[in-house]
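Quick notes on the structure that follows.
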Amino acid sequence: MNHGNYAISLSDVVKWLGTSGERGIEIYPGFAAAKPLFDGDRVIGVQVQDRGVDKDGKPKPNFEAGPEIHAKCVIFGEGPRGSCTKEVIEKLG
């Protein structure tokens, strides 16, 4: 059932991420991705979640629209049930 997928140690990933700046990789912890950005059939980045939104999704006085982050390579680490992953699967299969 998991053919073609990879299982990795979280501690090994964290160690690797610790040196990722040397590879030109940027990591944005604490910034939840709200939706993937597409250019045709390619994922080109994500829009970060809006800030300053009330529990009903309405903007509060301190509202800030989430910025778009564009990248050559986008990796979703939210698992198969994550909202961005679902949107990518729906669009690209």
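Computed from the coordinates by the stated procedures, all read-outs in this text should not be read as laboratory data. Keep in mind that this is a model prediction, so the values were computed, not measured. Here the Cβ positions follow ideal geometry from the backbone for every residue, glycine too, while neighbour counts run over all protein chains shown.
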Practice item. Please work out how many pairs of lysine residues in the chain are eight or more positions apart (or on different chains) and have Cα atoms closer than 22 angstrom. Key: 8
**Study point:** Residue-span extension gain [VAL53 to PHE38] - 0.36 nm each, minus C-alpha spacing
**Key:** 2.9 nm
Review point. Rounded to the nearest 500, what is the chain's calculated 222 nm mean residue ellipticity when only DSSP H runs of at least 4 contribute -39500 (n - 2.57) each, over all residues?
Key: -6000 deg cm²/dmol
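Rank-order 66-74, 44-52, 7-15, 32-40 by packing density, defined as the average count of other C-beta atoms within 10 Å over each peptide's residues, highest first.
On the way: 66-74: 12.3, 44-52: 15.7, 7-15: 8.3, 32-40: 14.1.
Going from most to least packed, we get 44-52, 32-40, 66-74, 7-15.
How large is the direction-averaged shadow of the alpha-carbon convex hull of region 22-93, in nm²? Don't skip to the end; give the middle numbers.
Details: hull surface 24.7 nm².
Directional mean of the projected Cα hull area for region 22-93 stands at 6.2 nm².
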